[in-house]
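> Structure incoming, see below.
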Amino acid sequence: MKNTIRQIFHSPKFVAGFSIFVIILIILFVYPLINPGDPLQMIGLSSFSKPGTYVSVYDAIDTEKAIMKLPNADEKRLQNKLSDEDRIAMKEWLLATGTPEEEIDITDTDHLLKLWKDKYDPSIKPKGMTMAKRNYYKRLNTNLEKALDANEVVIATRNTEDGTLDETKTVKDTEYVNTKDVVNSIYLPLGTDNFGRDVLKELVSAAKTSLRIGLIAGSIATLIGLTFGLLAGYLGGFIDDFIMFITNLFTVIPGFILLILISYGIGQEQRGATTVAIVIGVTSWTWTARSVRSQVISLRNRDHVNLSKLSGHSLARIILTDILPYIASYVVMALILQISTAILAEAQLSMIGLGPKTTEVPTLGLMMNWSMLYSAHTHGYWWAYFPVLLIIALISFSLNLMNTGLDQVFNPTLRD
């Protein structure tokens, strides 16, 4: 046993896959201790907030300030005011009013603003330009003038007696606050999703749930496949024909179609994570059964098995002590593949709306479903779907790498 374990951990592929998988597990179990709470809690009232640190503007107003004059601060403010669409629109105006294209560089903010200040005239009506478009340029010019001239913001409160606004405070462009001093702030490494929920906290919980589904479904599929394969391969005859008939019946019907039909028949309210795992396990055991059967057929006439038969040992004892140990490594590899397959199957089911119900726990497939429904991929909200794809890929890759490493250890034809 020790020698076998030593051989396994001398396989570079197994060690690489095992290391990736263990790192993922450590993150999944440690992060909730650092950032506890409900992963489905809606902390944001807006959808798809970008990754970063968020501080309360309301609290920042009364936070102790420091006066600073940072280099290029004004230029950065202007660059932030000018979106890519605004820059392209400014170029279109300049071209329409006769400015040579080679003089226009929309990436150079200072040069672009200088050209705009020199060339823009609201009284000019370029040929073919609509009134709505000219009004857009007027608003853009007004905003740019305010950004160039303003160096402070006035904060006012309404007088309860006469309803007038009374100036209470001014915020200058040289005043800064330390984010650590702001009473309410939050760091969102992956921003929020379409429901305003912390994507990282949700992702960790979803990965744990998907792994649990994979483990339950993989164990069920491996157990069913192992039982049928052992009985069919050892007993042969009518039992073998009957089991293979059932196996072929499940094989002929595409597994995913069967999975869809069963999941749809269960209904949304009854589809919890465990229920979905059981459905996946019950529909994905066929290839394990066929593979185990072929392994057992090659073992059932070995000398040690025949000796057990002559000794009068029971069927259960022969299978458990004389056959199963010889295919144990194959069963472990089948279990790893079944877990990986189950995780992908859950993601596929949830993508089409047939996964676990959304009110209980998140899964990786549900997160993909939500991001797709709210068009995160078309609007560039990468943090809502790309980390999910990455964690699915890493889990599947690590499990398959472990399986390949085990295959190299236990399969003599693949050894160096």
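> Only one residue in Pro362, Pro356 is under 22 Å from Lys50 (Cβ atoms), in the same structural domain as Gly265 (by TED's automatic domain parsing) and buried (at least 24 other Cβ atoms within 10 Å of the Cβ), so which one is that?
Numbers: Pro356 fails: under 22 Å from Lys50 (Cβ atoms).
Just a single option satisfies the conditions, and that option is Pro362.
> Those residues that are loosely packed, with under 13 Cβ neighbours inside 10 Å and outside any helix (DSSP H, G or I), I need them from the stretch 10-34; list them, please.
His10
> Looking at the stretch 306-318, I want the residues that are within 18 Å of Ala232 (Cβ to Cβ) and have a partner that is outside any loop (DSSP other than H, G, I, E, B) with Cβ atoms under 6 Å, at least 6 apart or on another chain. Which pairs are those?
Ile318/Ser308
> Consider Leu344 carefully, then state whether it is in contact (Cβ under 8 Å) with a residue 24 or more places away in the chain and either surrounded by 21 or more Cβ atoms within 10 Å (Cβ to Cβ) or within 14 Å of Gly229 (Cα to Cα) (or both).
Details: in contact (Cβ under 8 Å) with a residue 24 or more places away in the chain: yes; either surrounded by 21 or more Cβ atoms within 10 Å (Cβ to Cβ) or within 14 Å of Gly229 (Cα to Cα) (or both): no.
No: the conditions fail for Leu344.
> Name the residues in the stretch 177-203 that are farther than 19 Å from Phe48 by Cβ and either surrounded by fewer than 13 Cβ atoms within 10 Å (Cβ to Cβ) or hydrophobic (A, V, I, L, M, F, W, C) (or both), would you?
First, the residues of the stretch 177-203 that are farther than 19 Å from Phe48 by Cβ: 177-185.
Hits for the stretch 177-203 are Val177, Asn178, Lys180, Val182, Val183, Asn184.
> Return only the number of the condition from (1) at pLDDT 85 or above; (2) surrounded by 11 or more Cβ atoms within 10 Å (Cβ to Cβ) that Pro100 does not satisfy.
(2)
> Could you tell me which numbered condition Arg300 fails, if it satisfies all but one of (1) in a helix (DSSP H, G or I); (2) farther than 30 Å from Ile216 by Cβ; (3) of a type in the set (D, E, K, R)?
Among (1) in a helix (DSSP H, G or I); (2) farther than 30 Å from Ile216 by Cβ; (3) of a type in the set (D, E, K, R), Arg300 violates only (1).
> If you go through the stretch 248-266, how many residues are of a type in the set (Gly, Ala, Ser) and surrounded by 15 or more Cβ atoms within 10 Å (Cβ to Cβ)?
Residues of the stretch 248-266 of a type in the set (Gly, Ala, Ser): 255, 263, 265.
Filter again for surrounded by 15 or more Cβ atoms within 10 Å (Cβ to Cβ), leaving 255, 263.
Number of matching residues: 2.
> Among the candidates Asp59, Asp86, which residue alone is of a type in the set (Asp, Glu), surrounded by 13 or more Cβ atoms within 10 Å (Cβ to Cβ) and either in contact with a strand residue (DSSP E or B) (Cβ under 8 Å, 6 or more places away or on another chain) or within 15 Å of Glu175 (Cα to Cα) (or both)?
Working: Asp86 fails: either in contact with a strand residue (DSSP E or B) (Cβ under 8 Å, 6 or more places away or on another chain) or within 15 Å of Glu175 (Cα to Cα) (or both).
Matching residue, one of Asp59, Asp86: Asp59.
> Please go through the stretch 306-324 and give me each residue that is more than 49 Å from the chain's Cα centre (by Cα), of a type outside the set (D, E, K, R) and assigned to a helix (DSSP H, G or I), ordered by number.
Matches in the stretch 306-324: Asn306, Leu307, Ser308, Leu310.
> Only one of Asn411, Asn400 is over 18 Å from the mean Cα position of the chain (by Cα) and without any contact (Cβ under 8 Å) to a residue 60 or more places away in the chain. Can you tell me which?
Working: Asn400 fails: without any contact (Cβ under 8 Å) to a residue 60 or more places away in the chain.
Just a single option satisfies the conditions, and that option is Asn411.
> Please tell me if Ile278 is touching a residue at least 12 places away in the same chain (Cβ under 8 Å), over 30 Å from Lys13 (Cβ atoms), in contact with a helix residue (DSSP H, G or I) (Cβ under 7 Å, 6 or more places away or on another chain) and surrounded by 13 or more Cβ atoms within 10 Å (Cβ to Cβ). Working first, answer last.
Numbers: touching a residue at least 12 places away in the same chain (Cβ under 8 Å): yes; over 30 Å from Lys13 (Cβ atoms): yes; in contact with a helix residue (DSSP H, G or I) (Cβ under 7 Å, 6 or more places away or on another chain): yes; surrounded by 13 or more Cβ atoms within 10 Å (Cβ to Cβ): yes.
When the stated conditions are applied, Ile278 passes them.
> Within the stretch 63-77, can you find the residues that are of a type in the set (Gly, Ala, Ser) and surrounded by 12 or more Cβ atoms within 10 Å (Cβ to Cβ)? Please lay out each step first, then the result.
Quick first cut of the stretch 63-77, residues of a type in the set (Gly, Ala, Ser) only: 66, 73.
Ala73, the sole residue that qualifies.
> Let me ask you something else. Can you tell me which of Ser46, Ser83 is more than 30 Å from Asn400 (Cβ to Cβ) and in contact (Cβ under 8 Å) with a residue 24 or more places away in the chain? Before you say what the answer is, go through the steps one by one.
Values: Ser83 fails: in contact (Cβ under 8 Å) with a residue 24 or more places away in the chain.
Within the list Ser46, Ser83, the selection yields Ser46.
> Same structure again: Scan the stretch 186-224 residue by residue and report those that are outside any helix (DSSP H, G or I) and among the β-branched types (Val, Ile, Thr). If you could, list the steps in order and put the result at the bottom.
First pass over the stretch 186-224, keeping only residues outside any helix (DSSP H, G or I): 186-198.
Once the filter is applied, which keeps residues that are outside any helix (DSSP H, G or I) and among the β-branched types (Val, Ile, Thr), the stretch 186-224 yields Ile186, Thr192.
> Given the conditions (1) at pLDDT 90 or above; (2) over 24 Å from Ser263 (Cβ atoms); (3) touching a helix residue (DSSP H, G or I) at 6+ places or on another chain (Cβ under 8 Å); (4) not polar (S, T, N, Q), which single one is not true for Tyr234?
Here Tyr234 clears every test but (1).
> Could you tell me whether any residue of the stretch 68-76 is touching a helix residue (DSSP H, G or I) at 6+ places or on another chain (Cβ under 7 Å), assigned to a loop (DSSP other than H, G, I, E, B) and on the phi < 0 side of the Ramachandran plot? First the steps, then the outcome.
Residues of the stretch 68-76 that are touching a helix residue (DSSP H, G or I) at 6+ places or on another chain (Cβ under 7 Å), as a first pass: 75.
Pick out the ones that are also assigned to a loop (DSSP other than H, G, I, E, B) and you get none.
No, because not a single residue in the stretch 68-76 is touching a helix residue (DSSP H, G or I) at 6+ places or on another chain (Cβ under 7 Å), assigned to a loop (DSSP other than H, G, I, E, B) and on the phi < 0 side of the Ramachandran plot.
> Which of (1) assigned to a helix (DSSP H, G or I); (2) modelled with pLDDT under 90; (3) exposed (fewer than 14 other Cβ atoms within 10 Å of the Cβ) does Phe245 not meet, given it meets every other one?
Every listed condition holds for Phe245 apart from (2).
> Another question about this same structure. Which count do you get for residues in the stretch 237-247 that are more than 41 Å from the chain's Cα centre (by Cα) and touching a residue at least 24 places away in the same chain (Cβ under 8 Å)?
Just the residues of the stretch 237-247 that are more than 41 Å from the chain's Cα centre (by Cα), to begin with: 237-242.
This time we only want the ones that are touching a residue at least 24 places away in the same chain (Cβ under 8 Å), so: 240.
Going through the stretch 237-247 one residue at a time, the tally reaches 1.
The values are calculated or read from the model by the stated rules, or taken from the named source; none is laboratory data. Everything quoted here is computed from the prediction, not taken from an experiment. We place every Cβ from the backbone using ideal geometry, glycine too, and count neighbours over all the protein chains shown.
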